[in-house]
Amino acid sequence: MTPEEICKLLRDEFGDAIEDTVLEGAHPYALVAAGRWGEVARFLRDDPRLNFNLLNCISSIDLLAENRLGCVYDMCAIDGEDLTELLPWRHAFAVRVVVDRDNPVIPSVAALWPTADWHEREAFDMMGIVFEGHPDLRRILCPEDWVGYPLRKDYKFPTEYHGIAATTEYELNSPVH
């Protein structure tokens, strides 16, 4: 199934919940309204025409100029029972879900695709996106008492943590940002 066919199917099924489609370029995607993401995700996985049975990755994005955060969900449909055989797949596609930076809440899809569990935790830890309904949403890379979200474009790198001076990859003791 082509990206154009996937987008048409999504628009026919969900109407305005599909806020935009971007078909040109190497990474076509549909922009899905956050409030409808859960049901769209279930449709993408369960509809036999689509059968997106593998969620490859969730990448968080910081759209600072728009005061928004989001996630890109890359998925593919693999024939057969052995999901470890990644190629060939029937089709692949991406979905973007974008939310306001001041209230970054996206429904969790960890119950649909188990791989989302850790990917959502990483996006929570690094970007501060809250995944509503996630079974264990807590930091995965930073300590629990870490302040801020290190991958946000406006993140202020701390000069120390619990009395330990911070350094950068250039071994500067006083990083300037």
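Using the charge dipole of the stretch 1-152 (Lys, Arg: +1 at Cβ; Asp, Glu: -1 at Cβ; taken about the Cα centre), state which of ASN103, PHE93, PHE43 has its Cα farthest towards the positive end.
The Cα lying farthest towards the positive end belongs to ASN103.
Over the chain, one equal point on each Cα, no solvent: what is log10 I(q)/I(0) by the Debye formula at q = 0.09 Å⁻¹?
These q points yield log10 I(q)/I(0) values of -0.37.
Stretch LEU31-ARG152 to full length: gain in nm at 0.36 nm per residue minus the Cα-Cα span?
Details: separation 121, 0.36 × 121 = 43.56 nm, distance 2.08 nm.
Length difference between fully extended and current span is 41.5 nm.
Remind me, relative contact order of the chain in percent, using alpha carbon pairs under 8 angstrom and six or more residues apart? Intermediate results must be reported in sequence, preceding the final value.
Working: 305 pairs, mean separation 28.4, N = 177.
Across the chain, relative contact order equals 16 percent.
Which order, highest average first, do 57-69, 106-118 follow once you tally other Cβ atoms within 10 Å for each residue and take the mean per peptide?
On the way: 57-69: 15.8, 106-118: 19.3.
For the peptides 57-69, 106-118, the packing ranking is 106-118, 57-69.
Just check the stretch 1-86 against the gyration tensor rule for me: Cα atoms, a ≥ b ≥ c as the square roots of the eigenvalues, rounded for a/c under 1.5, and otherwise prolate or oblate depending on whether a/b exceeds b/c.
Numbers: a/c = 1.76, a/b = 1.37, b/c = 1.28.
It is prolate, given that a/c is not under 1.5 and a/b is the larger ratio.
Per DSSP H run of n ≥ 4, the term is -39500 (n - 2.57); total these for the chain, divide by its residue number, and report the mean residue ellipticity at 222 nm rounded to 500 deg cm²/dmol.
Values: 3 runs with 34 residues, N = 177.
-6000 deg cm²/dmol, from helical runs alone.
GNM, the chain, Cα, under 10 Å: largest mean-square fluctuation among GLY70, GLY148, GLY128?
Among GLY70, GLY148, GLY128, the largest mean-square fluctuation in the Gaussian network model of the chain belongs to GLY148.
Students often get this wrong: which residues of the stretch 126-145 have the backbone nitrogen under 19 Å from the point 7 angstrom along Cα-to-C-beta of ASN103?
Label zone hits: 128-134.
Determine the dipole magnitude for the chain: charges of +1 sit on the beta-carbon of Lys and Arg, -1 on that of Asp and Glu, nothing else is charged, the reference point is the Cα centre, and the result goes in debye to the nearest 20.
220
All of the numbers you see were taken from the coordinates with simple rules; none came from a lab. All values derive from a computational prediction rather than experimental measurement. FYI the Cβ positions are ideal-geometry reconstructions off the backbone, even for glycines, and counts take in every protein chain you see.
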